[in-house]
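Here's the structure, in structure tokens; my notes come after.
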Amino acid sequence: MKVATSALFGAIFGIGLLISGMLDPANVLGFLDLAGDWNPQLAFVMGGAIAVALPAFQLARKRQQTLAGEPLQLPRRTGLDGRLIGGAAIFGLGWGLAGLCPGPALVAVGFAGPPAYVFAGAMALGTLIARWALKASAAAKSED
């Protein structure tokens, strides 16, 4: 049941990305081009996402478990640290260079061909490197 539910919501998310045009890197790059031919489409997509997610998160904060009965795990950290700032910077650079972020990139693998394959491969490699670096950092701290 859990896998079916995850697949259903993943498909809904992917269809939303496809309908909104976020699989087309030109839309994202057009949004980031403030000095040129600015495309506000992404602002409306983000606004719609916030309008849906904000009430859902407010409701979730009042619950102890998901609708499926699983323990609810919301982020508890609220401060800024080097990991958050570094990750946001890397995300922003990748987004600005490629016009894709992780969600649309995974959906684009099924629709967009080789550029999406390269991006998804680089994303997977970056994830593995980050995990390795975090483990190495934790091991170094435990030796101190």
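The values are calculated or read from the model by the stated rules, or taken from the named source; none is laboratory data. Since the structure is predicted, the reported quantities are computational estimates derived from the model, not experimental observations. Note that we place each Cβ from the backbone using ideal geometry, even for glycine, and neighbour counts take in every protein chain shown.
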Condition broken by Ile129, with the remaining ones in (1) outside any loop (DSSP other than H, G, I, E, B); (2) at pLDDT 85 or above; (3) within 25 Å of Phe13 (Cβ to Cβ) satisfied: (3)
Being exposed (fewer than 12 other Cβ atoms within 10 Å of the Cβ), within 30 Å of Gly69 (Cα to Cα) and without any contact (Cβ under 8 Å) to a residue 40 or more places away in the chain is the filter here, so list the residues in segment 1-26 that pass it. Val3, Ala4, Ser6, Ala7, Leu8, Phe9, Ala11, Ile12, Ile15
Given the residues Gln73, Gln41, which is the only one that is surrounded by fewer than 10 Cβ atoms within 10 Å (Cβ to Cβ) and either hydroxyl-bearing (Ser, Thr, Tyr) or more than 15 Å from the chain's Cα centre (by Cα) (or both)? Gln73
Could you go through segment 31-46 and let me know if any residue there is out of contact with any Lys or Arg (no Cβ under 8 Å at 6 or more places or on another chain), in contact (Cβ under 8 Å) with a residue 60 or more places away in the chain and either hydroxyl-bearing (Ser, Thr, Tyr) or within 29 Å of Gly110 (Cβ to Cβ) (or both). yes
Against the definition (without any contact (Cβ under 8 Å) to a residue 24 or more places away in the chain, in contact with a helix residue (DSSP H, G or I) (Cβ under 8 Å, 6 or more places away or on another chain), assigned to a helix (DSSP H, G or I) and surrounded by 11 or more Cβ atoms within 10 Å (Cβ to Cβ)), how does Ala120 come out, yes or no? yes
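Just one of Gly99, Gly103 is surrounded by 13 or more Cβ atoms within 10 Å (Cβ to Cβ) and at positive phi; which is it?
Details: Gly103 fails: at positive phi.
Step by step, each of Gly99, Gly103 is checked, and only Gly99 is surrounded by 13 or more Cβ atoms within 10 Å (Cβ to Cβ) and at positive phi.
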Does at least one position in segment 128-143 carry a residue that is hydroxyl-bearing (Ser, Thr, Tyr) and under 28 Å from Ser6 (Cα atoms)? no
What about Trp95, is it of a type in the set (A, V, I, L, M, F, W, C) and farther than 25 Å from Ile19 by Cα? no
Counting only residues that are of a type in the set (D, E, K, R) and surrounded by fewer than 10 Cβ atoms within 10 Å (Cβ to Cβ), which one in segment 128-144 is nearest to the chain's Cα centre (by Cα)? Lys141
